[in-house]
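*Asks:* Submitted below is the structure of interest, expressed as C-alpha cells.
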Amino acid sequence: MDAILLQILNGLDKGSAYALIALGLTLIFGTLGVVNFAHGALFMIGAFCVVTLQKILNLSTVAIDPTKVDFLGNPLKVKTPYIVNWFGEAAGSAIINWSVPLAILFAIPIMLLVGYVMERGLIKHFYKRPHADQILVTFGLAIVLQEIIKACYGANPIPTPAPEIFRGSFDFGVWIGMAENAVIYPYWRLVYFAFSALIIGLVFAFLQFTTFGMVVRAGMADRETVGLLGINIDKRFTIMFGIAAAVAGLAGVMYSPINSPNYHMGMDFLVLSFVVVVVGGMGSLPGAVLAGFTLGILESFASMNEVKGFFEAIYLPSIDQIIIYLVAIVILLVRPRGLMGRAGVMEE
Amino acid sequence: MFDKFQNNDRMLMLFFIFLVLAGPILLAPFGAGYPDLLQRFCIFGIFAIGFNILFGLTGYLSFGHAAFLGVGSYSAVWMFKLLTMNVIPALILAVIIAGLFSLLIGFISLRRSGIYFSILTLAFAQMSFSLAYSVLTPITNGETGLQLTLDDPRILDAANTSGSLPSTNFFGLTMNSTAKFEFFGMVFQFNVGFYFCAVMLILAFYLAMRIFRSPFGLMLKAIKTNQNRLNYTGVNTRPYTLAAFVISGMYAGLAGGLMACTDPLAGAERMQWTASGEVVLMTILGGSGTLLGPVLGAGFIKYFENIFSKINENVLHGWFSFLPDGLEDLIVWVLHFFVGKGWHLTLGLLFMMVVIFLPGGLLQGASHIIDWIRGKKQSSSTQISNPNSMPAE
Amino acid sequence: MSKQLTRRGVLKSGAVVGAGLTMPTIFTSSAAAYTNEPKGGTVTLGFNVPQSGPYADEGADELRAYKLAVEHLNGGGDAGMMKTFSSKALKGNGILGKKVKYVTGDTQTKSDAARASAKSMIEKDGAVMITGGSSSGVAIAVQGLCQEAGVIFMAGLTHSNDTTGKDKKANGFRHFFNGHMSAAALAPVLEKKYGKDRKAYHLTADYTWGWTQQASIAAATEAKGWKTVKNVLTPLATTDFSSYVAPVLNSGADILVLNHYGGNMINSLTSAVQFGLRDKEVNGKNFEIVVPLYSRLMARGAGKNVKGIFGSTNWHWSLSDAGSKAFVKSFGEKYGFPPSQAAHTCYVQTLLYADACERSGTFNPCGVGEALEGFKFDGLGNGPTEYRKEDHQCFKDVLVVKGKENPTSQFDVLEVVEVTPRAQVEYKPDHPMFKGGSLGKCNPGA
C-alpha cells in the first residue's frame, strides 16, 4: 500500500513534467501544424535561465586574501558577490538562495522573446512545407541551441539548488496514520507538482475564457474559415508560440533543482514528450495532459522492484522503459487517434 | 545534369558505379579515403536507400528503422560466433531476420498512418533498444556490445590455434586486408571490405532503381499522393505498403550485417532513436524520393561525424599558419567552435541551411549549381520538373 | 524505360573502370614489421576521448593532459612528472628520437563511434597507440579493436573489473584502478566510520562497470559484517531517480550505496539528498550514503550534496608527493586549474607508453608490451606501482575520499581521508571476479 502510494506521488511528478512539455507541443501542433523538434531545447533553455540568473547574482568582487593559498601556492582570491556587498550578508545570501523561484520572473520575458524570434524568424516559413522539412529544420535548430549552451556553460551538469526551506521531505505516512518514513516525499517536488497544476490550469482558463483563446481554439478547428472572417490569425498564432515556449521554459526552470541542468536534458525529454502528445491524441490539449500523467504514473510503477522481479526466475531491469512504450502501442492500436485525438489531424 | 540522369537509367547507373568504385581515389584528397569511412559510406548508403523506398515512395515516415539495422548486426555476429567467419551466411541470416522482424512490426504499425504510424515504429524501436541494452543481455551482451571470443564454437571453420581472433572473410578473402599505394605523396588504400560493401551498395542501388521504375513503385507513389482516392477505387493499399516496409527493413538488415562484417561487434546503441533519426535526416538531407539523394545524404553526415570531429586546434593552426599571427589566432578561435568537439553545431547549422535554401535536399543543390554553370536555359526546365524547388522565403 | 541496364553492360563498364584504376604507375609502400611502423621523423599517438555527450568535460580534461604530456615528451614546458619518474629513459627528445605528434577523436561515449574514431586514427593517421576514454563499455570495445588491429591501447578512465578481467587483451593496459580495489580500500574505512551492523541498499547502473563494482562492494562490506538488503539495477538512460530512491527508507536499510558514475551519480545523489535520506534515522542509526567511485568533475555537478559522503578515487590533486606536486604545478600553470583524476591517469599512461618504447627500443606492440609487463616504477603520483604481467593491471595505493565540508574553491570538493596501501587492495589474477577470458598473444598487426 505504502509503496503504491509512493509511486503514485512519484508518477504525478514525472507526469507533470511530461504534461507541461506535451501541452506546449500540442499547442504548436494544433494551432500552427508544425512538428517542433526544438521544443525540448526550449525546456532546456528554461533550465539554463536559472543557471544564468545564478551566475548574474553571483557576480563577484575579487579580493586577495594573503593568509590563505590556492592549489599552486599563490595567495587565494576570495570572491564576494556584489549582491552581498549591496544588500548586506543576510539579504544578499537570501536572494541567492531563492534564485530558482526568482528565475521564474527572469525566464518569462526571455522565453516569450525566444518563442517570438523562433516563430517569426524560422517557423513561419515552414507552415506550408511538408512535415519532414519541419522535422529537419527544428531538429537542426535544437542541435544548434544545445551546442551554443554547451559552448557557454560546458557539458557538466550545473547544480541549481532549491531554496533552503524546501530541502528535506514531507512525511505523508505520519500524516495519514502510517508508520514513520513509510511514505516520504521531497517538498520541492510537491511545489513542482502544484506549480505544474497551476500552469496547466492557467493555460486552459486562458483558452476557455478569453476572446483571444476563443479565436485560437477556433483557429485550431478551422484555420481557413477564421482567416476568412477577417481575423488576423497569424499574429495570434505567434503569440501562441511564445506562450508555448514560456510554458516549456517554466517547466525547465522549476525542474532545475530536481535534476541539475545540462545541455542535453532537452533531447532526453523530447522523445517521450512526442509519445505523450500522440498517445494523448493529436490536437487535443486535455489528451496531452491526461497522457502525460498516465504515462508518468505508469513509468513510476514499472520501475518498482516488485514489478521488475515479477517473473520470479528472470529479473528485468529496464522493464520501465519497455512497459511505457508497450502501453503506448496498445493505446494507439485500441484507439486509432490516441486517447482524445481528432480525426484528420496529422494522419496523412 | 542530375535530372538528366534521372531520366537515363543507364547513364545514372554507370555514373554511380564509377563514383563508388573510384571512391578510394576520389575521396583521398578530402581525407576520407581510408577503409573504415569508405565502408561506412557504403553501409549507410544502403541503409538510406532502403529507408527511401519506404519514405520517399510511400511517404510513411518510420522512426524505428535502426531496430532492423541492429537486429541485422546481432544476427550476423551470432553467425560469426556459431557457424563460420565467412560473411555470406551472416549476411543471409541478417537479411532474413531483419525481414521477419520488419514484417511483424510493419504489420502492426501500418494499421495507422501519419504521425501515429511514426510513433508506433518509434515505440517498437525504443522497446527493442531497451531489450537489447539490458533485458536480453545474455544474447546481446548489453552495453558492452556483442563481441567475438576465442572460444566461440564456429563449427564450420577449422580450429583456431593462433591465439588471436579470426577475421571475417569472403571465401578466404579477408575483409580487413588492404593494399596501399603511394602516388605523389598521397596514399590510396584499396580494401577488400570496402569493395565488398561497394558491390553490395551497387546491387542495392540497382534493385532500388528497378523498384522505382516498376509498376509496384508507381503504386507506392500513388499511395503517397493520395491514399484515400486509391482506397475509394477499391485498391487495398496495405499489402503494398507492407511490402515496401519489409523491403526497406531488409535493406536495413543488410546494412547492419555489413557493419558486423567489417567490424565484428554489435552494440545496442545502433538501435537507439537517435540512430533511427539519423537515417531520416540522411534521406531528407540528400533529397527524399530521389535515387542518388539518400546516398549523398548518408555520405555527408558520416563525413561530418568522422572528419570534422577529428579537426583540433593544432590542425587549424596548421591550415592557417600562412596568415599573420594575430589574424591566424582569431580565425582559429572562431573556427574551433565549429570543429572538433563542436562538430554537432556545424551539422545542425547544415541541416537548417539545406532545408531552408534547398527544399529538395542536397541533390537539388547540386543540380542548381550545375545549371548555374551551364547558364540559365536549363535552370528554367528544372523549375518545371521540380515544383517544390522554391526557396522558403 | 527502354534503356534498361543489361547484365552485360554492367560487367563491361565495370571492367573498363577496373582497367582505369590500374593505369597510373604506382609505388607500393614497403612492407612494415608491425602496424603503422613510424617511418619518418615523427610518431603519431591517437587520443580518443569523449568530446560530445555527457562526459565531454571529462574528455576535455583528458585532452588537456595529453597535450601537456606531448609537450613534455618533446622537451617543452617544465617536464612535469618526467622529473620525478623513477625511470630515466625519457630524454625530452620525443620518443626514440622521433617527435611526438597526435590526432584527436570523439568517442561520443558510444562503442560504435569510439571504434570508428579509433579505426580512422589507425587507418588514416597511422597512430601506433590509442588511448583515452571515460567509460568501461567504450574501453572494452576499443581495447578489442586495438588487439585486432595490432596497436597498443592505454586505457583512460575505466573502472570495471572486466577491463583487465574477463575482457583483458594482450595489447591493452590499464593504469586506473578498478571496482574491486575500490571495495577493498573502502570497506575498512566504512566499517570504522559506520560500524559492523549495517544494512546496505544498492542502486546500480545497469552495465559492466555497475555490475562488477556492485559485486565487489557487496562482497567486501559483507565480509565486514554488513548485510546487503537489496540491489536494484537502474537503466543507464535514467535521469530521474526518484522512483528508485523513494522506496529505500522503507526497506529497513540504513546505508545507500550508489554504484553510479557521471550524470547518473549526480542525479541519483541529488534525488537521495532531496528525499532527505541523510537527515533520517533508521534502526537507531543515522542514514548514510556511499558513492564508491568519485570524480571531482562530477562531484562539482552535485554541489553541496556531496558533503561528508565517502568514496574512492584514483588520484587527487591535493596529494603532496613530489610527482603529484610537479604534475599539478605544470598543469595548473598551463590551464589555470588543478587536473582531475582522469587527466592524471591519461598523462601517466602517455609517459608510461613512451618510456616503454624507449626501454624496449621499438614501437612494436609486442616489444612495448613486454617492457610494460611487470614494470615497477615510482614518482608518478601513486607511490610505488607495478604493471602486473598476468592481467596488465596497475597495482598501487588507493585513495579513500569524502566530500569536503568547507570547500575553499570550486575545485576543492574532496578531501583525502586515507591512503590505502597497495598490499591491502591486491588480489590474485585468478580471483573469481576477474576470471574467464585470457590475454591472448600480443598482436603486432601487419
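*Asks:* Pull the list of chain B cysteines that no other Cys approaches to under 4.7 Å, Cβ to Cβ.
*Replies:* Within chain B, the cysteines lacking a partner Cβ under 4.7 Å are B:Cys261.
*Asks:* If exposed chymotrypsin sites (Phe, Trp or Tyr not before Pro) are those in a DSSP loop with at most 11 other Cβ within 10 Å, what is the longest stretch of chain B that has none?
*Replies:* Excluding the exposed sites themselves, the longest stretch runs over B:1-170.
*Asks:* For A:Lys77, which lysines qualify as cross-link partners when the Cα separation must be under 17 Å and same-chain residues fewer than eight apart are set aside?
*Replies:* A:Lys68
*Asks:* Determine the sum of side-chain charges near C:Lys119: Lys and Arg each +1, Asp and Glu each -1, restricted to other residues whose C-beta is under 12 angstrom from that of C:Lys119.
*Replies:* With Lys, Arg at +1 and Asp, Glu at -1, the net is -2.
*Asks:* Right, next: Give the cross-link partners of C:Lys168 among the aspartates and glutamates, using a straight C-alpha distance below 18 Å as the criterion and excluding same-chain residues fewer than 8 apart.
*Replies:* Straight-distance partners of C:Lys168: B:Glu143, B:Asp151, B:Asp152, C:Glu148, C:Glu370, C:Glu373, C:Glu386, C:Glu390, C:Asp391, C:Glu426, C:Asp430.
*Asks:* List the DSSP H helices in chain A whose Cα atoms stretch 20 Å or more along the helix axis and whose mean Kyte-Doolittle hydropathy is at least 0.5.
*Replies:* The qualifying helices are A:2-32, A:39-57, A:99-121, A:131-153, A:187-209, A:233-255, A:265-280, A:285-302, A:319-334.
*Asks:* Can you list the lysines whose alpha carbon sits under 16 Å from that of C:Lys199, skipping same-chain ones fewer than 8 residues off?
*Replies:* Once the sequence-local lysines are set aside, what remains near C:Lys199 is C:Lys224, C:Lys227, C:Lys230, C:Lys280, C:Lys285.
*Asks:* Please order C:Lys227, C:Lys67 by the number of other Cβ within 10 Å, starting at the fewest.
*Replies:* Listing C:Lys227, C:Lys67 from fewest to most nearby Cβ atoms yields C:Lys227, C:Lys67.
*Asks:* Would you mind checking which residues have amide H under 5 Å from B:Phe183's amide H? H placed 1.01 Å from N; only 5 or more apart, or other chain.
*Replies:* B:Phe188
*Asks:* Quick one: Debye curve from the alpha-carbon atoms of the protein assembly as shown only, equal weights, vacuum; give me log10 I(q)/I(0) at q = 0.05, 0.06, 0.08, 0.10 Å⁻¹ to two decimals.
*Replies:* At q = 0.05, 0.06, 0.08, 0.10 Å⁻¹ the computed log10 ratios are -0.34, -0.49, -0.91, -1.47.
*Asks:* When A:Met178, A:Met44 are ordered from fewest to most other Cβ atoms inside 10 Å of their Cβ, what list results?
*Replies:* A:Met178, A:Met44
*Asks:* Also, I was wondering about something else. Helix by helix, which DSSP H runs in chain B go 27 Å or more along their axis at the Cα atoms and have an average Kyte-Doolittle hydropathy of 1.0 or more?
*Replies:* B:35-58, B:87-109, B:192-213, B:238-262
*Asks:* Further question: When the gyration tensor of the range B:29-272 is built from Cα positions, what are the square roots of 5 times its three eigenvalues, in whole Å, from largest to smallest?
*Replies:* 34, 22, 15
*Asks:* Then there is this: Can you check what the net charge comes to around C:Asn286, using other residues whose Cβ is under 10 Å from the Cβ of C:Asn286 (Lys, Arg +1; Asp, Glu -1)?
*Replies:* My count for the surroundings of C:Asn286 gives -1.
*Asks:* Hey, with R₀ at 60 Å, roughly what FRET efficiency would A:Lys79 and B:Thr233 work out to, going by the Cβ-Cβ distance, to 0.05?
*Replies:* 0.20
*Asks:* OK, next. Using a 10 Å cut-off around each Cβ, can you sort B:Thr237, C:Thr163 from fewest to most neighbouring Cβ atoms?
*Replies:* Fewest-to-most Cβ neighbours within 10 Å comes out as B:Thr237, C:Thr163.
*Asks:* A further question on this structure: Using R₀ = 51 Å, calculate the FRET efficiency as 1/(1 + (r/R₀)^6) where r is the Cβ-Cβ separation of C:Ala237 and C:Asn93; round to 0.05.
*Replies:* So the FRET efficiency works out to roughly 0.60.
*Asks:* What is the helix-to-structure angle for C:7-22, meaning the angle in degrees between its Cα long axis and the longest Cα principal axis of chain C, kept from 0 to 90 and rounded to the nearest 10?
*Replies:* Around 90 degrees separate the two axes.
*Asks:* Turning to a different aspect of this structure: Are there cysteines in chain C with no other Cys C-beta under 4.7 Å, and if so, which?
*Replies:* C:Cys146, C:Cys346, C:Cys357, C:Cys394 - these cysteines have no disulfide-compatible partner (Cβ-Cβ under 4.7 Å) in chain C.
*Asks:* Remind me, relative contact order of the range C:180-313 in percent, using alpha carbon pairs under 8 angstrom and six or more residues apart?
*Replies:* Contact order relative to length: 26 percent.
*Asks:* Could you work out the mean count of beta carbons from other protein chains within 10 Å of each residue's beta carbon in B:297-305?
*Replies:* 1
*Asks:* Could you check the simple spin-label distance between C:Asp412 and A:Ile64, using points 7 Å along Cα→Cβ, in nm with one decimal?
*Replies:* 1.7 nm
*Asks:* Still on this model: Determine, from the Cβ-Cβ distance of B:Arg213 and B:Thr174 and an R0 of 56 Å, the FRET efficiency 1/(1 + (r/R0)^6), rounded to the nearest 0.05.
*Replies:* 0.90
*Asks:* By how many degrees, 0 to 90 and rounded to 10, does the Cα axis of helix C:56-73 deviate from the longest principal axis of chain C?
*Replies:* 60 degrees
*Asks:* Quick one: putting +1 on the C-beta of Lys and Arg, -1 on the C-beta of Asp and Glu, what dipole do you get for chain C around its Cα centre, in Debye to the nearest 20?
*Replies:* It comes to approximately 760 debye.
*Asks:* What fraction of the DSSP beta bridges in the protein assembly as shown is antiparallel, stated in percent and rounded to the nearest 5?
*Replies:* If we restrict to bridges inside the protein assembly as shown, about 50 percent are antiparallel.
*Asks:* Mind pulling the per residue volume of the convex hull built on the Cα atoms of the range A:2-334? Å³ is fine.
*Replies:* Convex hull of Cα atoms, per residue: 204 Å³.
*Asks:* While we're here: Count the net charge of all other residues whose Cβ sits under 15 Å from the Cβ of C:Val400, scoring Lys and Arg as +1 and Asp and Glu as -1.
*Replies:* Computed value for this residue: +3.
*Asks:* Rounded to the nearest 10 degrees, what's the angle between the helix C:322-335 long axis and the longest principal axis of chain C, both from Cα atoms, 0 to 90?
*Replies:* That works out to roughly 70 degrees.
Bear in mind these aren't lab numbers, they're just calculated from the coordinates by the rules spelled out. Since the model is a prediction, treat every value here as computed from it, not as a measurement. Heads up, the Cβs are rebuilt from the backbone with ideal geometry, glycines too, and the neighbour counts pull from every protein chain shown.
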